[in-house]
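Worksheet: one structure, shown below.
Here, each number is a calculation from the coordinates, and none is a lab measurement. Just so we're clear, the structure is a prediction, and the values are computed from it rather than from any experiment. Cβ atoms come from the backbone with ideal geometry, glycine included; neighbour counts cover every protein chain shown.
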Amino acid sequence: MLTAPRAPRMNAVMERWVGGVRRELLDRILIMNERHLCKVLAEYETYFNGHRPHRALQEASPLRALPDPVDADIEVSRRDRLGGLLHEYAPVA
């Protein structure tokens, strides 16, 4: 089905994803060429689906279930992606 140009409500899911990519990634990084863009977008897609919390999923990510709550103090490690532009957090075992 074709969508009308400049009609953001016709495809709200993609408009939201593209807006998120622009705000979180493309506005903060200089893209050198098409190959670099593909690599950066692939890295962002991995981050988006595997680590980024989503409100609709009660702060879980699409490919991982939400962990059980822990009452004790735990240490958290941070892993930087894309030169520190994106951050992943995980409990230290």
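For the residues Ile29, Ile74, what sequence is obtained by ranking on other C-beta atoms within 10 Å, fewest first? Can you show the working numbers first?
Values: Ile29 15, Ile74 9.
Ordered from fewest to most neighbouring Cβ atoms within 10 Å, Ile29, Ile74 come out as Ile74, Ile29.
Under the rule of at least 5 residues apart or a separate chain, name every residue whose amide H is placed under 5 Å from the amide H of Leu86.
Arg81
Give the order of Met10, Met32 when sorted by the count of other beta carbons within 10 angstrom, beginning with the fewest.
Met32, Met10
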